[in-house]
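Below: one structure, written as structure tokens.
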Amino acid sequence: MERGIAAVGGELHADAEALLLENGSRQDDLWGANYYPGRGPGRCMEYTALINIRPARGNPGMEVQDPVLRERIRGITSALLGRRALE
């Protein structure tokens, strides 16, 4: 989140997580989401991943609960893929 970057592709979110950690990201800054092009603005993002299970940070399950954090994830996705990608 702090670096404003994302890892895209791979079979599992854990693959992208490992890549980002190897390249200087901090574990606390990593969250998983899925982007589905063509679903429309309200349905193209899902905020669910095993790497999101963080009870100590107030996120007890796979889905990102914090609406502010969800919006930050969406903003980074928009910045990297282009705003039209989320429409």
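Note the full-extension length gain between ALA14 and GLN27 as 0.36 nm times their separation in residues minus their Cα-Cα distance, in nm to one decimal. Could you put the intermediate results ahead of the total?
Numbers: separation 13, 0.36 × 13 = 4.68 nm, distance 1.14 nm.
Contour length minus Cα-Cα distance gives 3.5 nm.
What does the C-alpha gyration tensor say about the overall shape of the stretch 1-70? Classify as rounded when a/c is under 1.5, otherwise prolate if a/b is larger than b/c, or oblate.
Oblate.
Which of the trypsin sites (Lys or Arg not before Pro) across the chain are loop residues per DSSP, with 14 or fewer other Cβ within 10 Å?
Details: sites: ARG3, ARG26, ARG39, ARG43, ARG57, ARG70, ARG72, ARG74, ARG83, ARG84; in loops: ARG3, ARG26, ARG39, ARG43.
Answer by residue number: ARG3, ARG26, ARG39, ARG43.
Give the angle, between 0 and 90 degrees and rounded to the nearest 10, that separates the Cα long axis of helix 13-22 from the longest principal axis of the Cα atoms of the chain.
60
Name the long-range amide H neighbours of MET45: under 5 Å, sequence gap of 5 or more, or other chain; modelled H, no Pro or chain starts.
Placed amide hydrogens put TYR36 under 5 Å from MET45.
For the chain, what is the accessible area per residue in Å², given a 1.4 Å probe and the full set of protein chains?
The answer is 66 Å² per residue.
Between the helical axis of 67-81 and the dominant principal axis of the chain, each derived from Cα atoms, what acute angle in degrees is found, rounded to the nearest 10?
Approximately 60 degrees, to the nearest ten.
Just the number, please: carbon plus sulfur as a percent of the accessible area of the chain, 1.4 Å probe, no ligands or DNA/RNA counted.
C and S atoms contribute 52 percent here.
The values are calculated or read from the model by the stated rules, or taken from the named source; none is laboratory data. Note that the structure is predicted; figures quoted are calculated from it, not measured. In this analysis, Cβ positions are derived from the backbone assuming ideal geometry, glycine residues included, and neighbour counts consider all displayed protein chains. Heavy atoms of the whole protein, side chains included, go into the accessibility calculation; ligands, DNA and RNA do not. Shrake-Rupley method; radii C 1.70, N 1.55, O 1.52, S 1.80 Å.
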